[in-house]
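Remarks on the structure that follows.
Bear in mind that the values in this text are calculations on the coordinates, not laboratory data. None of these values were measured; they are calculated from a predicted model. No Cβ is skipped: glycine too gets one built from the backbone with ideal geometry, and neighbour counts run over all protein chains shown.
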Amino acid sequence: MSENIKILEEITSSEYKYGFETKIEADSAPKGLNEDIVKFISAKKNEPQWLLEWRLKAYRHWLTLTEPNWQNVNYPKINYQDIIYYSAPKPKVKLNSLDEIDPELKATFDKLGISLDEQKRLSGVAVDAVMDSVSVATTYKGKLAEQGIIFCSLSEAVQEHPELVKKYLGSVVPMTDNYFAALNSAVFSDGSFVFIPKGVRCPMELSTYFRINAANTGQFERTLIVAEDSSYVSYLEGCTAPMRDENQLHAAVVELVAMDNAEIKYSTVQNWYPGDKEGKGGIYNFVTKRGICSGVNSKISWTQVETGSSITWKYPSVILKGDNSIGEFYSVAVTNNMQQADTGTKMIHIGKNTRSRIVSKGISAGKSQNSYRGLVEVMKRAENARNFSQCDSLLMGDKCGAHTFPYIEVKNNTATVEHEATTSKIGEDQIFYCNQRGIGTEAAVALIVNGYCKEVLNQLPMEFAVEAQKLLAISLEGSVG
Amino acid sequence: MNLTTTEELVKTFNENSKKLSPAQSDVRKDAISAFQKQGFPGRKNEEWKYTNLAPVLGRDYLIEDTTTLNKKDIDGLLLSSLEANHVVFVNGNYNKELSSVNADEPIVISDLSQAGDINEYLTASSITLNDSLTELNTALANGVVITVKKGKVVSKPIIIHFVGDGRKGNIFSNSRNLFILEENAQATFIENYSTIGSNAHFSNNITQIVVKKDAYATYYKIQNDAKSDHVGTTQVYQPEKSNFAATTITLDGGIIRNNLNIRLSSEYSEASLVGLYMVKGNTHIDNHTLVDHAKANCYSNELYKGLLDDKSTGVFNGKIYVRQDAQKTNAFQSNKNILLSKDATMNTKPQLEIFADDVKCSHGATTGMMDEEPLFYLRSRGISEKKAKALLMHAFAADILEYIKLEPLRELLDQTILDRLS
């Protein structure tokens, strides 16, 4: 056992790999939040009047709300006046190709392992890189445009496709939805916009990389994906941030719209800075993610691997409105040290023959707290709705906690809803078996955890699955003891 | 009296408070002011999210101390025919004349207001997950303390009949009872709810059960009365290694909320919680359970099954709490529901909160309609649809009835269920 403890100490002292800060001159707003800041952001982005009014409306609504406190996480009160709401890498000129990007910036993304050049040449993944909530580069835009696919930053979309943005922005997550959605609606700075026209199958994975760089800033990006009839898109999202002692707020909104026969696959590998061993610093990841299957036979699938953030608090949801639509949620949430996670999903069955599947794997180590909170609601008219949920928790160490809060509301008798949950630990016999065959304790844990999460990792696109597996191993290093 | 506001209740309390003994009056005064501050729980309250008391609170009620009911009235109630010790409460007050307890049984029944050393159980804070209704009960309720003597076995079950005398008007009653099983004692308690007359009976009850070292308590709660609305909390303390088994059967009622909280605060204790709700009409049945594993090596098993017909609503909220010290805990929970009609609703919230790593905990919940395949099997053998369904429902219920060790009670309930299905 003592050897295990030694390994534990060694590894938990290993640093957050992505914790560097890039010295890029940034154009930022003064600290604090008021109507002038909202107007400042809007003006900076040269936005049309309707969007400014929309933002102001959201801001005024936000003022009437109080911060929610029902979740199973603890954090000191956030001072919303101590945050910089807008920070853009400077100079912000319109880029035509990757070569024109600030070399410093490019180096940052290289360090992160998303070399934009390389990605473009080799992997065939179109990347939209967002730093401090401003989109800095989008690859493969031209090639996608040939098929009529729009993949660009949201601010660009506001300029070039205002009618689409106006139609869908806030249609799934209204600005009045919740405290953080209202805040985001007021001050969102950028994000990605994806539009897949009728009958088009997006030929490559679309990907956005988010990074918070400047100190004291909050990241408030907004992603909007619209898939028209019979289209398909797979979208990936990755996140990192520098190491800092103070906590930073990340309050994003993601909206997905799937029309008749359309399919959206949304994958997230979230690796925001989780704070140090004592829980100092780290990102507050308070995100509203929701998709609507508005058409018949449509499908939305959320896959998430959550390893970072000092607090993760989000529930990617699917509103199954169209008949025969399908919602899926696959999640691995890992918490170590002082991390807290309260995450899960909502599946709202409205249409007939709608199906949903939830697979949630929670892993808690150190002194962390990991909660699954989910809602499965079958409305009165949702004939033959079907849901299966499985929430498993794995505990490592005796100081962490694993919690499940499922809500199951069934108002139609033709529905079949199943939920099961288990809590367990890695068996000593399993470790022993590996040790005996010459696999070190550390590697054995990684092996077992990967097996435990396989069901979810299998859902990820290949490039991401490899990264996610490595990330899991790093996040859990040293948590055996 | 109207319950939509707290005012009239507080006034009633103040009128009665002069009669209280000084030892208890402080506890009760604190409780009434706490209740007054909170009011009745609304649906904003997470624990009351699915249960709306407004239709119950909207009626006019009488709080009555006296009754004209006689022995004959009581003899007509469900379970009265069982061979047992019958303890009768009318309108929330213990009625010695109507009760019949075998003098040879090793039990002592004393009035709550006369009982000594029980103040620790009297405060509202002695209830985990207490709410304003607990405070109200603490302020207003009367009841008894039943003590089972050390090392003794009570040979016949103790049936507590909560009767509402609804002949003059709607009755609001509050009762508070404490059952203490001394070391190595054994007893079976049955709570039964009924109403006489045509008006409604809203009972707000608390039962506290202390199961001391090596004692074994069996507890049944039977609800089969259309005119009963009920909010009840059963708080079980297992301070030392002991065994407790609860069975809650709800076959009829208005709006019913059963809270069952069990605290396993010593190693090697065991608790079993099972429940069956088979409701129709507009009945609302809410089962709230909490099993608090505070110490290591304890075992708890929970199984609740429900059949919901017509416009009935079911709620199951089961929480298992495993504290950091409670290593080697085994805790299982399962909730299975069948919706028999288009308008029935089921809300399930099984919760696990676990702070220890070396545990085996699981929960499962299912809601759906009756399985087609067994139905087809029976029909293909010439059994009518109605009969086949009845057979399957009976089998579904039988899973829970099997837990009832008291044979006459099991037979009686089985017959009640069969009558309803035919």
Practice prompt. Any chance you could run the full-extension gain for B:Lys311 through B:Glu240? It's 0.36 nm times the residue separation minus the Cα-Cα distance, nm to one decimal.
Written response: 21.2 nm
Discussion item. If you average the C-alpha positions of the stretch B:118-176 and of the stretch B:1-63 separately, how far apart do those two centres end up, in angstrom?
Written reply: 16
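Which translational diffusion coefficient, to the nearest whole µm²/s, is obtained for the protein assembly as shown from the Stokes-Einstein equation, given a Kirkwood hydrodynamic radius over C-alpha pairs, 25 °C and 0.890 mPa s? Each step should come with its number before you reach the end.
On the way: Rh = 30.0 Å.
Here the translational diffusion coefficient equals 82 µm²/s.
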Worksheet item: Which lysines, on any chain, are close to B:Lys44 with Cα under 17 Å apart, when same-chain ones fewer than 8 places away are left out?
Response: B:Lys349
Fill in: Angstrom value of the Kirkwood radius, inverse mean 1/r, which spans all Cα pairs in the stretch B:191-288
14.1
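Among the GluC sites (Glu not before Pro) within the stretch A:228-330, which fall in a DSSP loop and have no more than 12 other Cβ atoms within 10 Å of their own Cβ? Before the final figure, lay out the partial values.
On the way: sites: A:Glu228, A:Glu237, A:Glu246, A:Glu255, A:Glu263, A:Glu278, A:Glu306, A:Glu328; in loops: A:Glu228, A:Glu246, A:Glu278.
Sparse-neighbourhood loop GluC sites (Glu not before Pro): A:Glu246, A:Glu278.
Could you tell me the ratio Rg/Rh of the stretch B:295-422? Both radii from Cα atoms, Rh via Kirkwood. Intermediate values should be presented prior to the final figure.
Details: Rg = 18.0 Å, Rh = 16.8 Å.
Reported Rg/Rh, Kirkwood definition of Rh: 1.07.
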Worksheet item: Rounded to the nearest 0.05, what FRET efficiency is calculated for A:Leu447 and B:Asn297 with R0 set to 35 Å and r the Cβ-Cβ distance?
Response: 0.70
Worksheet item: Pick from B:Lys152, B:Lys295, B:Lys11: which residue has the top mean-square fluctuation in a GNM of chain B where Cα pairs under 10 Å get a spring?
Response: B:Lys11
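Report the extension gain between B:Glu373 and B:Asp75 in nm, rounded to one decimal, defined as 0.36 nm multiplied by the number of residues separating them, less their alpha carbon distance. All intermediate terms of the calculation are to be shown ahead of the outcome.
Details: separation 298, 0.36 × 298 = 107.28 nm, distance 4.44 nm.
Additional length available on full extension: 102.8 nm.
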Worksheet item: What does the convex hull of the Cα atoms come to per residue for the stretch B:373-422, in Å³?
Response: 67
Discussion item. Quick check: convex hull over the Cα atoms of the stretch B:7-266, volume per residue in Å³, rounded to an integer?
Written reply: 123
Response to the item:
In this structure, the FRET efficiency calculated for B:Asn102 and B:Asp419 from their beta-carbon separation, with R0 = 30 Å, to the nearest 0.05, is 0.50
Worksheet item: Between B:Ser341 and B:Ser384, what is the spin-label point distance in nm, taking each point 7 Å from the Cα along the Cα→C-beta axis?
Response: 2.0
Response to the item:
If R0 = 56 Å, then A:Lys44 and B:Asn2, at their Cβ-Cβ distance, give a FRET efficiency to the nearest 0.05 of 0.40
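Neighbouring Cβ atoms within 10 Å as the yardstick, rank B:Ser155, A:Ser368 fewest first. Intermediate results must be reported in sequence, preceding the final value.
Working: B:Ser155 15, A:Ser368 28.
Listed from fewest to most nearby Cβ atoms, that is B:Ser155, A:Ser368.
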Response to the item:
Partner lysines whose C-alpha sits under 22 Å from that of B:Lys227, ignoring same-chain residues fewer than 8 away, are B:Lys71, B:Lys72, B:Lys168, B:Lys280, B:Lys311
Worksheet, complete the sentence: Once the in-chain neighbours fewer than 8 apart are removed, the aspartates and glutamates whose Cα is under 16 Å from A:Lys380 read A:Asp323, A:Glu409, B:Asp309, B:Asp310, B:Asp343
Worksheet item: Can you pull the Rg over Rh of the stretch B:286-337, Cα-only, Kirkwood?
Response: 1.12
Worksheet item: If we count every other residue with Cβ under 13 angstrom of A:Thr343's Cβ, Lys/Arg +1 and Asp/Glu -1, where does the sum land?
Response: +3
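Determine the calculated [θ] at 222 nm for chain B from helices alone, applying -39500 (n - 2.57) to every DSSP H run no shorter than 4 residues and normalising by the residue count; nearest 500 deg cm²/dmol. Let's see the in-between values first.
Numbers: 9 runs with 90 residues, N = 422.
Theoretical 222 nm ellipticity from helices: -6500 deg cm²/dmol.
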Worksheet item: Can you give the extra length, in nm with one decimal, that the chain gains between A:Tyr75 and A:Tyr433 once fully stretched, where that is 0.36 nm per residue apart less the Cα-Cα distance?
Response: 124.8 nm
Practice prompt. Run through all the Cα pairs of the stretch B:49-136 and give the fraction in each 10 Å bin from 0, expressed as whole percent.
Written response: 11, 30, 34, 23, 2
Worksheet item: Do any GluC sites (Glu not before Pro) in the stretch B:317-407 lie in a DSSP loop with no more than 11 other beta carbon atoms within 10 Å, and if so, which?
Response: B:Glu402
Worksheet item: What nm value, rounded to one decimal, do you get for the distance between A:Tyr179 and B:Lys168 when each label is placed 7 Å out toward the C-beta?
Response: 5.1
Item to complete: Please give the net charge around A:Glu47, taking every other residue with its beta carbon less than 11 angstrom from that of A:Glu47, where Lys and Arg add +1 and Asp and Glu add -1.
Response: +3
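Kirkwood hydrodynamic radius for the stretch B:178-244: how many Å is it when counted over pairs of different Cα atoms? Intermediate results must be reported in sequence, preceding the final value.
Working: mean 1/r = 0.0761 Å⁻¹.
One decimal place: 13.1 Å for the Kirkwood radius.
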Worksheet item: Name the trypsin sites (Lys or Arg not before Pro) in the stretch A:376-464 that are in a loop by DSSP and that have at most 13 other C-beta atoms within 10 Å, would you?
Response: A:Lys380, A:Arg381, A:Arg437
Response to the item:
Two pseudo-spin positions, 7 Å from Cα along C-beta at B:Ile63 and at A:Lys280, lie apart in nanometres by 5.7
Item to complete: Determine the percent antiparallel among the DSSP beta bridges restricted to chain B, to the nearest 5.
Response: 5
